[in-house]
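Notes for the one structure printed next.
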Amino acid sequence: MISKKLNDALNGQINAELYSAYLYLSMTAWFSAKGLPGFAIWMRCQAQEELFHATKMFDYVNERGGKVALAAIAKPDSKWDSPLAVLEQVAKHEEHVTRLINDLVNCALDERDHASNIFLQWYVTEQVEEEASVGEVLSKLKMVGKDSAGMFAMDLEMGKRVFTPPVAE
Ligand code: FEO
């Protein structure tokens, strides 16, 4: 069994992960509308990852005899000034999620719930990867600047991303 405090915190995180998926889908739509299909594919994969993060936690709460309580998902932004503005928001959002995951780990430790601590370590590692991959895209975008040939090439590159669900441990 997990404590009520940790159960509530995990439900909050499930909502945060679903919001991330929602936000990234909104960004997917923006890229599609702007004629950047590769960026749209990349962002859709990002949204699929978030859905995976949410459902993995959903399954864990059930597995531990907790109670999943789904709440309303906030409306995401839908307009940005540039691809760079989108990626800057993604980077900022991922830093925010990392802080949320760290808070969750602290909560698991406060509750002396070692199983949850181990479970959450997967998310700790995942956040390192997420921040790194977004940082990479952001650096490339800054290099490309307003060069349309560079943006075209980068769009082709971004479109190669394929979502592969992480292997369940
Ligand atoms: Fe689920 Fe991108 O953090």
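Please treat every number below as a calculation from the coordinates, not as lab data. What you see is a predicted model, and the numbers here were worked out from it, not measured in a lab. Cβ atoms come from the backbone with ideal geometry, glycine included; neighbour counts cover every protein chain shown.
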* Nearby lysines by direct alpha-carbon distance to residue 160 (threshold 21 angstrom, same-chain neighbours under 8 apart not counted) -> 34, 140, 142
* To do: Please report, in debye to the nearest 20, how large the charge dipole of segment 37-141 is about its Cα centre when each Lys and Arg carries +1 at its beta carbon and each Asp and Glu carries -1 there.
  => 320 debye
* Counting only the backbone N, which residues of segment 1-45 are under 14 Å from the spot 7 Å out from the Cα of residue 112 toward its beta-carbon? -> 3
* Kindly express, to the nearest 10 degrees and within the range 0 to 90, the angle between helix 148-158's C-alpha long axis and the longest C-alpha principal axis of the chain. => 40 degrees
* Selection from 14, 80, 116 lying farthest towards where the dipole of the chain points positive, charges on Cβ -> 80
* Asked: Under a point spin-label approximation (7 Å from Cα along Cα-to-Cβ), what is the residue 81-residue 153 distance to one decimal in nm?
  -> 2.7 nm
* Asked: Please state the relative contact order of segment 4-158 as a whole percent: Cα pairs under 8 Å, 6+ residues apart?
  -> 28 percent
* Asked: Dividing the Cα convex hull volume of segment 4-158 by residue count, how many Å³ per residue is that?
  -> 96 Å³
* **Computed [θ] at 222 nm, deg cm²/dmol, the chain (DSSP H ≥ 4; -39,500 (n - 2.57); rounded to nearest 500)** => -26500 deg cm²/dmol
* **segment 77-169 - Rg over Rh from alpha carbon coordinates, Kirkwood radius** => 1.10
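Could you tell me the calculated FRET efficiency between residue 96 and residue 163, based on Cβ-Cβ distance and R0 = 22 angstrom, to the nearest 0.05?
The value I calculate is 0.50.
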* Asked: Once you list every other residue whose beta carbon is under 12 Å from the beta carbon of residue 50, what net charge do they have if Lys and Arg are +1 and Asp and Glu are -1?
  -> -3
* Asked: Which of the peptides 104-112, 139-147 is most tightly packed, and how do the rest follow, judged by the mean count of other Cβ atoms within 10 Å per residue?
  -> 104-112, 139-147
